[in-house]
Amino acid sequence: METKIIFTDSDLDIREAVGQAVALLRAGELVALPTETVYGLGANALDPEAVAKIFEAKERPSFDPLIVHLPSKTALREVTEIPDEIEKTITQLVETFWPGPLTLLLPKRDVIPDIVTAGLQTVAVRQSDHPIFRRIIKQFGTPIAAPSANRFGSISPTSATHVSEQLGGRIPLIIDGGACSRGLESTIVRVSPGPKKPLIEVLRPGPITEDDLKKFGKVVFVGRNAAVEESAPEAPGRLASHYAPRTPLRLVEDPATFTPDPAKRYALLSYRGQEKDGYLPLHDWAKVAVLSPGSGRLTEAGIRLFHLMVQLDQGGYDEIIAEPVPDRGIGRAILDKLRRASHPRKA
């Protein structure tokens, strides 16, 4: 299969991109689409045969559920059943963060095929804020299932080039909407009633942080359970090994624990690129890539994370050593990605 790439540099380009993307989606085909988080591999979420092509192209296991992107806020009630006891909180979250990188896990309506949810009775839904994606889904008029547009378990793509490197020849069309502005997958939350205030469980940390959410309820981060996640994850992005480059990556949370093998070429994925953090002096690194040079801004680090991981993965190093970032705000999401990327893959 030949994969076509359409750029969106002009109004004429955008009209062509939207038209061709919608035509393919209506024909039950796949299209790689830009979102504000990462590029997504889109298909008609209400067409089980089209959704099956996502799993085939990505080589994604059928037990891993997908996120459904909605054309509007009002479409939420068409695909989900919102329990009365959390309706107020869900409405507040939607009005505050949609369109944007917040995904809600809610009971699904029968219109959502079981293949989308891996047989679960809940569905993960959000509304993207990317202007190209919004034009496409508005004209399409139907929810789009769109996990990250990569091979399963690999680094999530933040550019059309990254998509082409992983899925070229497997899908008919990539819409090049430029680099993703957020660079990290959406935050996934589940809301339930609490004794005093609603409980907001963060199933996958992302750009919407604890500080953003805490005004709407008590925020709790759901810990990892590798045994459960590997067999039956309750939400996307929960597998123990995920976001991983082909090159082995190791998150070294204490520089004193790192002893280099003299036979190996190491690359360092540094947070700030500062010697005082203790990692630069440890070794004569073959390459140092810095997430946020100088002061260390977590937002910048999040945007650059997957981009730099791809660069290092293509450098021919024996191992990538990653520094930790502060465990706060978006730093929680960055650490989650690095820990899953460093988890050993199954043979």
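The values are calculated or read from the model by the stated rules, or taken from the named source; none is laboratory data. Predicted model, so just to flag it, every value in this text is computed and none were measured. Glycine gets a Cβ as well: all are built from the backbone with ideal geometry, and neighbour counts include every protein chain shown.
Tally up the residues in the stretch 40-61 that are basic (K, R) and surrounded by 23 or more Cβ atoms within 10 Å (Cβ to Cβ), please.
Here the count works out to 1.
Output the residues belonging to the stretch 2-55 that are among the aliphatic types (A, V, I, L, M) and more than 17 Å from A160 (Cβ to Cβ).
Passing the criteria: L12, V22, A23, L25, A27, A43, A45, L46, A50, V51, A52, I54.
S156: closer than 30 Å to D84 by Cα and crowded, with 20+ Cβ neighbours inside 10 Å, yes or no?
For S156, the condition - closer than 30 Å to D84 by Cα and crowded, with 20+ Cβ neighbours inside 10 Å - is not met.
Any residue in the stretch 243-263 that's not assigned by TED's automatic domain parsing to the domain that holds V38 and acidic (D, E): show its pairings with residues that are surrounded by 14 or more Cβ atoms within 10 Å (Cβ to Cβ) and part of a loop (DSSP other than H, G, I, E, B) at Cβ separation under 6 Å, as long as the two are six or more apart or on different chains.
Listed by first residue and then by second, the contacts come to E253/P324.
Take the stretch 73-107 and flag every residue that is part of a loop (DSSP other than H, G, I, E, B) and out of contact with any Asp or Glu (no Cβ under 7 Å at 6 or more places or on another chain).
Scanning the stretch 73-107 gives K73, T74, A75, E81, I82, P83, W98.
Looking at V22, V51, V38, can you tell me which residue is part of a loop (DSSP other than H, G, I, E, B), farther than 30 Å from P195 by Cα and either under 22 Å from the mean Cα position of the chain (by Cα) or of a type outside the set (F, W, Y) (or both)?
V38
Going by the structure shown, is I303 touching a Cys at 6+ places or on another chain (Cβ under 9 Å), outside the structural domain of G153 (by TED's automatic domain parsing), hydrophobic (A, V, I, L, M, F, W, C) and at pLDDT 95 or above?
Answer is yes for this residue.
Could you list all residues from the stretch 87-114 that are farther than 17 Å from F133 by Cα, buried (at least 21 other Cβ atoms within 10 Å of the Cβ) and out of contact with any helix residue (DSSP H, G or I) (no Cβ under 9 Å at 6 or more places or on another chain)?
L105
Of the residues I208, I188, which is in contact with a Phe, Trp or Tyr (Cβ under 7 Å, 6 or more places away or on another chain) and outside the structural domain of P99 (by TED's automatic domain parsing)?
I208
Looking for whichever is within 24 Å of A75 (Cβ to Cβ), more than 16 Å from the chain's Cα centre (by Cα) and buried (at least 17 other Cβ atoms within 10 Å of the Cβ) here; the options are R134, R204. Which one fits?
Among R134, R204, only R134 is within 24 Å of A75 (Cβ to Cβ), more than 16 Å from the chain's Cα centre (by Cα) and buried (at least 17 other Cβ atoms within 10 Å of the Cβ).
Restricting the stretch 186-204 to residues that are assigned to a loop (DSSP other than H, G, I, E, B) and in contact with a Ser or Thr (Cβ under 6 Å, 6 or more places away or on another chain), which is nearest to F306 (Cα to Cα)?
Per the stated criteria, the residue is S186.
Filter the stretch 308-347 for residues that are β-branched (V, I, T) and either not assigned by TED's automatic domain parsing to the domain that holds K287 or not in a helix (DSSP H, G or I) (or both) and give the result.
I320, I321, V325 - these are the residues of the stretch 308-347 that are β-branched (V, I, T) and either not assigned by TED's automatic domain parsing to the domain that holds K287 or not in a helix (DSSP H, G or I) (or both).
For the stretch 1-16, what are the residues that are under 23 Å from the mean Cα position of the chain (by Cα) and in a helix (DSSP H, G or I)?
If the condition is that a residue be under 23 Å from the mean Cα position of the chain (by Cα) and in a helix (DSSP H, G or I), then no residue fits.
A43 versus (1) more than 17 Å from the chain's Cα centre (by Cα); (2) more than 23 Å from L203 (Cα to Cα): which is the lone unmet condition?
Unmet for A43, out of (1) more than 17 Å from the chain's Cα centre (by Cα); (2) more than 23 Å from L203 (Cα to Cα): (1).
Matching residues to (1) under 23 Å from R15 (Cβ atoms); (2) in a loop (DSSP other than H, G, I, E, B); (3) of a type outside the set (V, I, T):
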| residue | (1), (2), (3) |
| --- | --- |
| A124 | no, no, yes |
| R134 | yes, no, yes |
| I137 | yes, no, no |
| R151 | no, yes, yes |
| P157 | no, yes, yes |
| H162 | no, no, yes |
| I171 | yes, yes, no |
| I175 | yes, no, no |
| L184 | no, yes, yes |
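Show the residue pairs that are 6+ apart or on different chains and have beta-carbon atoms under 8 Å apart, the first residue being within the stretch 50-68 and assigned by TED's automatic domain parsing to the domain that holds P99 and within 21 Å of T103 (Cα to Cα), the second being assigned to a helix (DSSP H, G or I) and modelled with pLDDT under 95.
F63/S231
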